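J.: Questions regarding the structure given below will be posed in turn.
Quick note: the coordinates plus some simple rules give every number you see, no bench work behind them. What you see is a predicted model, and the numbers here were worked out from it, not measured in a lab. Please note: Cβ atoms are built from the backbone with ideal geometry, for glycine as well, and neighbour counts cover all protein chains shown.
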Amino acid sequence: MALATALFSGCATSATTADRDIAHPSGANSGSPTAPPSVPRAVSTAPENLPVADPSRVRVPVLDVDAPVGGLGLDVCGALEVPTDFDAAGWYVDGPEPGEPGPAVVVGHVDDYTGPAVFHRLETLEVGDEVLIDRGDGTTATFRVRAVEAYAKDEFPTERVYGRTPDPELRLITCGGEFDRTERSYLGNVVVYADLVRR
């Protein structure tokens with residue numbers, strides 16, 4: 001993805017392979033990782049925007065997901081780092097915090113060599129399901145799923161996923177599609193699009 005070579009390398013069933021290959025959205029064909037686009041902060045006058053606060057946990061009640069969230073930057077190759085814990089998620093620290101204008105990006109592994117990981121059932125989410133992000137200031141940002149889409153890595157819609165938005169949005173991303181046993185990696189990505197609940 002022009003946004004990170006592969007979102008996070010945890011789509012493979014081996015930690016070693018995982019670290020070098022995950023969501024190659026846009027740059028998958030070239031094989032060379034590219035950095036996530038730097039997204040300017042969007043201006044929104046929506047009163048529901050939350051104060052800036054880093055995420056600490058992600059909860060998806062319908063999937064029984066309740067996991068810690070750590071910060072992820074870029075590695076030396078310009079790719080988005082991957083969570084080192086397969087039962088934890090990672091938030092792209094150079095993007096928006098969940099609850100402020102723009103698409104906050106949270107990624108997680110689908111599995112590892114021992115079995116399912118934190119986002120292993122992400123693709124089963126449905127429109128209307130809730131995703132809760134607990135934040136460092138003690139508040140919780142509640143998002144409602146608007147769409148769940150799957151993409152081949154070489155067709156990853158970087159702008160749609162990471163592009164600027166005027167209102168607070170959330171993206172949950174993991175690997176999906178067929179598993180290439182030779183490369184030990186998945187051939188696609190699952191992306192959940194969610195909007196901050198207006199109350």
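J.: Expressed as a whole percent, how much of the Cα-Cα distance distribution for the stretch 78-149 exceeds 20 Å?
T.: Value for the stretch 78-149: 37 percent of Cα pairs lie more than 20 Å apart.
J.: Once amide H atoms are built 1.01 Å from N in the peptide plane, which residues 5 or more positions from E81, or in another chain, come under 5 Å H to H?
T.: Those qualifying (amide H under 5 Å, at least 5 residues apart or on another chain) are G73, L74, D75.
J.: List the residues whose amide H sits under 5 Å from the amide H of G70, counting only those 5 or more places along or on another chain, with H placed 1.01 Å from N in the peptide plane.
T.: Amide H neighbours of G70, under 5 Å, 5+ apart: A89, G90, W91.
J.: Ranked highest first by the average count of other Cβ atoms within 10 Å around their residues, in what order do 155-164, 123-132 fall?
T.: Packing order, densest peptide first, comes out as 155-164, 123-132.
J.: Between E123 and T84, with labels modelled 7 Å along Cα→Cβ, what's the label distance in nm to one decimal, could you check?
T.: Distance between label points: 3.0 nm.
J.: Taking amide hydrogens as modeled 1.01 Å from N in the peptide plane, which residues meet the under 5 Å criterion relative to D129, leaving out close sequence neighbours?
T.: V145
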